[in-house]
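Mind looking over this structure? Questions follow.
Taken together, the values in this text are just the output of simple stated rules run on the coordinates, not laboratory data. As the structure is a computational prediction, the values presented were derived from the model and not from experiment. Cβ coordinates were reconstructed from backbone atoms using ideal geometry, including for glycine residues, and neighbour counts include every protein chain displayed.
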Ligand SMILES: [Zn+2]
C-alpha cells in the first residue's frame, strides 16, 4: 500500500518495491484515481522500468482494477487470468511464544 499527498508533494510507500512506486507515480500527472488513463500510464511505466518478466507479473496486478482488465483485454484480446491477491504476512504471522 502507498499513497501520494498532493498537498505536501509527498509519496508514502508501505511496500518498498519498484512496482508500488510505479503505481503511485502513475497517479501523479493527474488525480484520476484508477481510471483507464491511469492504467495506461502505469502499463507504460512498467514496460519502461521493469524487466520483461517482472513487467508481465506487474501487468497482471493492474487487472485487479476494472481499468486494468479493460486494458489487458485491449492488448491481448482475451480476459486476464483471475487475479489472486497475496495474503499479507501480517495476516498469517503468529506471535512468537514466550
Ligand atoms: Zn492507486
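Can you give the calculated 222 nm mean residue ellipticity of the chain, where each DSSP H run of n ≥ 4 adds -39,500 (n - 2.57) and the sum is split over every residue, rounded to the nearest 500 deg cm²/dmol?
When only DSSP H runs of four or more count, the value is -14000 deg cm²/dmol.
In a GNM of the chain with a 10 Å cut-off on Cα contacts, which of 75, 18, 52 has the highest mean-square fluctuation?
Greatest mean-square fluctuation among the candidates belongs to 75.
OK, next. Hey, fewest Cβ within 10 Å first, where do 41, 69 land in order?
The most exposed by this proxy come first: 69, 41.
Among 47, 78, 24, which one shows the highest mean-square fluctuation when the chain is modelled as a Gaussian network with alpha-carbon springs under 10 Å?
Answer for the Gaussian network model of the chain: 78.
Report the relative contact order of the range 1-75, percent, no decimals, based on alpha-carbon pairs under 8 angstrom and at least 6 residues apart.
In percent, rounded to a whole number, it is 23.
Classify the range 2-92 as rounded, prolate or oblate, taking a ≥ b ≥ c as the square roots of the eigenvalues of its Cα gyration tensor: rounded when a/c is under 1.5, otherwise prolate if a/b is larger than b/c and oblate if not. Write down the numbers at each step before the final one.
On the way: a/c = 1.66, a/b = 1.21, b/c = 1.37.
Judged from the Cα gyration tensor, the range 2-92 comes out oblate (a/c at least 1.5, b/c at or above a/b).
Nearest 10 degrees, 0 to 90: what angle lies between the long axis of helix 36-49 and the longest principal axis of the chain (Cα atoms)?
Tilt relative to the chain: about 70 degrees.
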